[in-house]
Each structure stands twice: as structure tokens, then as C-alpha cells.
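Below you'll find the structure, written out as C-alpha cells, and then a few comments.
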Amino acid sequence: MLRCMICKKEIEDLPSYICPRCFGPLEVVYDWEQIKERVSREKIERGVESMWRYKDFLPVNREPVDLGAGFTRFIHAKNLGEILGLKNLYLLDDSTNPTYSFKDRVVSVAVTKALEFKMRALGCASTGNLAGSLAAHAAKVKLPTYIFVPAGIEKTKIVQAAVHGANIIEVEGSYDDANRIAMEMAENNPDWGFVNINLRPYYVEGSKTLAYEAVERLDWRSPDQVILPMASGALLTSVYKGFQDFIKVGLTDTIPIFNGAQPEGFPIVRAVREKAEIKPLKESQTIVHSLAIGNPANGFTAKDIIEETRGYAEDPSDREVVDSVLLLAKTEGIFTELAGGTVIAALKRLVEAGRIDRSEVIVAYLTGNGLKTADVFLNEFSVRKVSKYEEVIAW
Amino acid sequence: MKIVYPIILAAVTRKKEEEVEFSGDVEALINFLCEKYKGLKKVLYNKEGFNKFINIYVNNEDIRNLNGFETEVKANDTVKFIPAIAGG
Ligand SMILES: Cc1ncc(COP(=O)(O)O)c(C=O)c1O
Ligand SMILES: [Zn+2]
């Protein structure tokens, strides 16, 4: 069943994303009594080594479409922690997912739902990472896919979607323009599953597993603080719900402080800082294309969560983002996507501002693989060319 | 001018798009449509004012990037009501 987050109207399990009464967002409703009966630490620990070890907490009624997303690396980042002044910094690194970003978690749920609803095609609007993930899952279930991307996204990301056979439509303008057109497509083709539109209530549930994993990896305890990248704010909102779920069934007992990271000037951070309403941003310059959503659908929920948990939000500059990708790469051996650089740069600012204590347990979420945005680093180094051994020793 | 409704509003208007003769600003246009379709006002407005889960586009531009409800609309324009919760 689905329920409106605003007016609480309940509607049946359908490919639908907005409340017919008030246009508010819909969310999945679970029977927590039943789930509590069914789950235990031991059962989860014996489960598959993917996000589907938490199947009891996900809204599917059939065998999931599972390329192996989730249960990724969880690292105690001692080197980076030492530089930042944090003793208990942990990184949840989703760069090793099947298509190299956290999007596999949400897509895995959405595509499973699309099969349940017997949809004829799949689609999405994407800032890049979702495109690659959806295309791969669609290939696995043999459904045609239509992907709307803003002109100017990294070619490496479109290539990834294209090799899986997706139809890619570049939209002149920003992500928000691509999203608007995808929404009009979804409106007119109700038997197509647009994963982040008409399957959105199910889709977002996949990210809850990022909270579950952090708790499980920390020996069934919540961290003191988390920091997440934000584009639409859906990821941060779902991770919060994930911690709430685990509290409901007694698998943990606290909600961490939530911090958010966006590229410079983006609306959720600005609204948090100015204690104001979210104001959409029309033009943007950032190199962090994966987070460049000017009109964030879940901005209001993300902002509420950050405020309620007494966290904060930061919007580092592109230069800080690049430097942070390099810092992480050189200290922990992890090459993260620019969204991850945004997280580390924001974390650095939070520590410098005294918002995180040295001994607090903090989980920073790295949501994509650095090779996806490697272009940015082509000017950050030089290589020497030689033809003979002697030239190498001379150097 | 062309008006495009999402499925949920089409439940009230009984059509997904239509041509109307109108000139004035967006606010006046909405009043005009609410006169025409009983029940529309109840969806478009709540206690806090205009429903924040509905975005309005004039010629594919969000009115928040134009003049808001004071954006002028005229004969050959297309006005779309689009749900806000999507994407990401
Ligand atoms: C790598 C990466 N991290 C984080 C996000 C943020 O996701 P959300 O739109 O749910 O806030 C995205 C969105 O595309 C992304 O590609
Ligand atoms: Zn509602």
C-alpha cells in the first residue's frame, strides 16, 4: 500500500507517485509488527551479500532483479581521519556496485517493481549515474529503455548506458528540463516504468539499505553522525528512513545527526544555511554534474531532516571538491566520483567549524566511482615519456 | 493559449489539454480556470496558499524563474501544470 506523506490518504499498490487529493509525495507503508516478527540480526547476517539481505524491509513481492548491488566496502578511514582530525571516520564506498554508483540500489527495487506491474518499457531522467544503472538492469530484464539526460553530461556516463542498449535522449538545457520532459512522457505512457517518476515511491526505498549496512557494519549500532551528497535530496531522505526502520524493529536505537553536501550555490544547502524556503536554481556552473539538480523534489524533506537532527549542510567549491577527491585517493586508495569529493570537502568544513568531535563515529557515504568523472583530473598531473632505460635513470 | 493538465487534474477538468482565450497574468488565469471547473480550486490551493507540489510552466519555463504568479501569458503561450515530486 502507498500513503500520502502530507495528507495521509492511502491508495493501493500502483505505479503512482503523487497523491490524487493533494499532489503530495507517496510513500510505501509496511506492516512493522509482521516485519519485527520476521527479522533478526542472525537472519540478516546469514543473508546474501547484497542489499537483498534486507529484503524484509523492501517493497517487493517477487524474486528481485539483483545484479549484486549493495553490501559494499565499509572502511575505517584511519589515514584520512588522521588528517581531518577524526578518530572514527568510516567510509561506505558504493563505487564497487555493479554499475559503479549507489543508483544500483534504487534501480534494483524499481525494476523489480516494473516487472510486478508488467510494464512494457523503462525510463528515467538522469544526471548520469542513474542512466548507466537503469540501462544495465533493463538489459538484464530485456526491456527497452528511454533515458533523458541534460546536454553536456560526461560522455563516459552516456557510453555506459549506450553499451547496454538504452535509447539516450539528450535534452537541451539542465537536468530539470530533462526531468520535465521525462515527466510528460510518464504522464502519457502509464505502462512505462519511469523509475524516478511513477515508480519513485518504490525506487527511493532502495537507498534505505545504506543505513542498514552502516548499522550492521558498526556491530549493530548507529553512527553519531552521517554525511551524504544531495541532488534531489531523495538519497538523504531515504537513509534517514532506513535508520527509523531499524529503530522500529529494534535493530538499533538512535538516529544519527544528518549532514548534507552539495556543490557551491545549490538550493538545499542554501536553504539550510539561510533558514529559508528552498528556491530553485536555474543556471549552474559546477563540474559536479551528478549533483546538479536545481529544482530538488525532496529538498524540503532533506532540509527538515538536517534541521531536526541538528546537522548542517555545506556547499564546497569545485576546487575544494577536486582537492578532496585527490586527498581521499592519496590517503585511502579510493578514487571517488565528484559527488564523493563533495562529501569529503563538506566534511572537512564541518570539522573545521567544530561541528564534529574528534571521537564521534561518523559515516561518510561515497556514492560513485572516480573513473566516471576522470576527465576532470586529466589536467591535474603530467607524465614523462621515455624511449630508453638511460633516460629513466637520468631522471 | 494552450493549457496542459496532469492526469490528476484531468480528473477534474475531464481533459488533458485545451485551448482557452485569455490574456493576463498566471494568477488571473488560475482564477479563470477555477471558475470554469468547480473542484479545481480545492486541489490547487490549501491553507498555506498555492499547492507547493504543483509547478507551473509557461512555454516550458518554471514561473518561479519568470515573474511568478505575475508572469503575463498571452495568445500563443502554452501553460502546463506539472507535479513537483519527481526526479533525482
Ligand atoms: C553519485 C551520486 N551521488 C548522490 C546523488 C544524489 O542523489 P539524490 O538525487 O537522491 O539526492 C546522485 C544523484 O544522481 C549521484 O549520482
Ligand atoms: Zn495527499
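The values are calculated or read from the model by the stated rules, or taken from the named source; none is laboratory data. Since this is a predicted model, take the numbers as computed values, not measurements. Cβ: placed from backbone, ideal geometry, glycine included. Neighbour counts: every protein chain shown. Heads up: the accessible areas ignore ligands, DNA and RNA and are worked out on the full protein's heavy atoms, side chains in. Shrake-Rupley method; radii C 1.70, N 1.55, O 1.52, S 1.80 Å.
When only C-alpha pairs under 8 Å and at least 6 residues apart count, what is the relative contact order of the range B:2-83, in percent?
Values: 110 pairs, mean separation 32.8, N = 82.
Worked out over the range B:2-83, it gives 40 percent.
List, in order, the whole-Hz ³J(HN,Hα) value for each residue of the range A:6-15 obtained from phi through the Karplus relation with A = 6.51, B = -1.76, C = 1.60 and θ = phi - 60°; use x for Gly and Pro.
Values, residue by residue: 9, 9, 6, 4, 9, 9, 6, 5, 9, x Hz.
Which residues belonging to the range B:37-79 lose at least 40 Å² of 1.4 Å-probe accessible area when the assembly is complete, relative to their chain isolated?
Those residues are B:Phe53, B:Asn60, B:Arg64, B:Asn65.
Spin-label point model (7 Å from Cα, Cβ direction): what's the A:Lys275 to A:Asp375 distance in nm?
About 4.1 nm separates the two model spin labels.
Name the residues whose placed amide hydrogens come within less than 5 Å of the amide hydrogen of A:Gly128, ignoring near sequence neighbours (fewer than 5 apart) on the same chain.
none
In a Gaussian network model over chain A where Cα atoms closer than 10 Å are linked, find which of A:Asn196, A:Asn97, A:Asn88 has the largest mean-square fluctuation.
Of the options given, A:Asn88 has the highest mean-square fluctuation.
For the range B:25-76, which GluC sites (Glu not before Pro) are in a loop by DSSP, counting at most 12 other Cβ atoms within 10 Å? Walk me through the intermediate numbers first.
Working: sites: B:Glu27, B:Glu35, B:Glu48, B:Glu61, B:Glu70, B:Glu72; in loops: B:Glu48.
Taking the range B:25-76 and a limit of 12 other Cβ atoms within 10 Å, the loop GluC sites (Glu not before Pro) found are B:Glu48.
Of all the accessible heavy-atom surface of chain A, with the other protein chains kept in place and a 1.4 Å probe, what percent is carbon and sulfur? Intermediate values should be presented prior to the final figure.
Values: 7880 of 16160 Å².
With neighbouring chains kept in place, the figure for chain A is 49 percent.
Could you tell me what % of all Cα pairs in the range A:105-250 have separations over 28 Å? Before the final figure, lay out the partial values.
Details: 2432 of 10585 pairs.
Tail fraction, whole percent: 23.
Note the direction-averaged projected area, equal to a quarter of the hull surface, for the Cα convex hull of the range A:193-348, in nm².
On the way: hull surface 38.9 nm².
For the range A:193-348, the mean projected area of the Cα convex hull comes to 9.7 nm².
Any residues in the range A:157-193 that have 30 Å² or more less accessible area with all protein chains than in their chain alone, probe 1.4 Å, and which are they?
Residues meeting the cut-off: A:Arg180, A:Met183, A:Glu184, A:Glu187.
Per residue of B:6-18, how many C-beta atoms from partner chains lie within 10 Å of its own C-beta, taken as a mean?
Numbers: counts 6, 7, 8, 1, 1, 1, 0, 0, 0, 0, 2, 0, 0.
Taking all residues of B:6-18 together, the mean is 2.
In the range A:293-395, which GluC sites (Glu not before Pro) fall in coil by DSSP and have 13 or fewer other Cβ atoms within 10 Å?
Details: sites: A:Glu307, A:Glu308, A:Glu314, A:Glu320, A:Glu332, A:Glu337, A:Glu352, A:Glu360, A:Glu380, A:Glu390, A:Glu391; in loops: A:Glu337, A:Glu360, A:Glu380.
Those satisfying the criteria are A:Glu380.
Report, largest value first, the span of the C-alpha coordinates of the protein assembly as shown along each principal axis, in whole Å.
Cα spread of the protein assembly as shown along its principal axes, largest to smallest: 81, 59, 48 Å.
Only Cα pairs within less than 10 Å get springs; with that Gaussian network setup on chain A, which residue of A:His76, A:His289, A:His137 has the largest fluctuation?
Among A:His76, A:His289, A:His137, the largest GNM mean-square fluctuation belongs to A:His76.
What is the sum of charges, Lys and Arg at +1 and Asp and Glu at -1, for the other residues whose Cβ falls under 9 Å from the Cβ of B:Glu70? Don't skip to the end; give the middle numbers.
Numbers: positive: none; negative: B:Asp25, B:Glu27, B:Glu72.
Result for the neighbourhood of B:Glu70: -3.
On average, how much accessible surface per residue is there in the range B:2-83, in Å², for a 1.4 Å probe, leaving out ligands, DNA and RNA?
Per residue, the range B:2-83 has an accessible area of 55 Å².
Residues of the range A:294-321 that become at least 50 Å² less accessible with every protein chain present than in their own chain isolated, using 1.4 Å: which are they?
Those are A:Asn295, A:Ala297, which lose 50 Å² or more relative to the chain on its own.
Let me check against my output: what whole-number percent is the relative contact order of chain A, with C-alpha pairs under 8 Å and at least 6 apart? Mind dumping the intermediate values first?
Details: 828 pairs, mean separation 65.9, N = 395.
Contact order relative to length: 17 percent.
Step through the residues of the range A:352-357 one at a time and calculate ³J(HN,Hα) from phi using the Karplus curve (6.51 cos²θ - 1.76 cosθ + 1.60, θ = phi - 60°), rounding each to whole Hz and writing x for Gly and Pro.
Result, ordered by residue: 4, 7, x, 8, 10, 7 Hz.
If you wrap a convex hull around the Cα atoms of the range B:14-88, how much volume per residue is inside, in Å³?
Values: hull volume 8.2 nm³, N = 75.
That works out to 110 Å³ per residue.
Please compute the average number of Cβ atoms from other chains found within 10 Å of each residue's Cβ in peptide A:14-24. Provide the component values of the computation, followed by the final result.
Values: counts 0, 0, 2, 3, 9, 4, 4, 3, 7, 15, 7.
Counting Cβ atoms of other protein chains within 10 Å of each residue's Cβ and averaging gives 5.
Give the calculated FRET efficiency between B:Ala10 and A:Ile181 to the nearest 0.05, with a Förster radius of 22 Å applied to their Cβ-Cβ distance.
0.70
If you take the beta carbon distance between A:Arg62 and A:Ser382 as r and set R0 to 56 Å, what does 1/(1 + (r/R0)^6) give as a FRET efficiency, to the nearest 0.05? The partial results should precede the final answer.
Numbers: r = 53 Å, r/R0 = 0.94.
After rounding to 0.05, the efficiency reads 0.60.
If you take the accessible area of B alone plus A alone and subtract the pair, what total do you get in square angstrom, rounded to 100, with a 1.4 Å probe?
Numbers: alone 5810 and 17320 Å², together 20740 Å².
Buried area (both sides, nearest 100 Å²): 2400 Å².
What number comes out for accessible area per residue over chain A if the probe is 1.4 Å? Units Å², please. Don't skip to the end; give the middle numbers.
Details: 16160 Å² over 395 residues.
Per-residue accessible area for chain A comes out at 41 Å².
Ignoring any ligand, DNA or RNA, what whole percent of the accessible area of chain B comes from carbon and sulfur when the probe is 1.4 angstrom?
On the way: 2220 of 4570 Å².
Carbon plus sulfur share of accessible area: 49 percent.
Looking at chain A, which longest stretch skips every one of the trypsin sites (Lys or Arg not before Pro) that is in a DSSP loop with at most 12 other Cβ atoms within 10 Å, leaving the sites themselves out? Provide the component values of the computation, followed by the final result.
Values: sites that count: A:Lys8, A:Arg46, A:Arg62, A:Lys118, A:Arg120, A:Lys142, A:Lys275, A:Arg310, A:Arg358, A:Arg384, A:Lys385, A:Lys388.
Excluding the exposed sites themselves, the longest stretch runs over A:143-274.
Read phi for every residue in the range A:32-47 and hand back ³J(HN,Hα) as whole Hz from Karplus 6.51 cos²θ - 1.76 cosθ + 1.60, θ = phi - 60°, with x for Gly and Pro.
5, 4, 5, 5, 4, 4, 7, 9, 7, 3, 4, 5, 5, 4, 7, x
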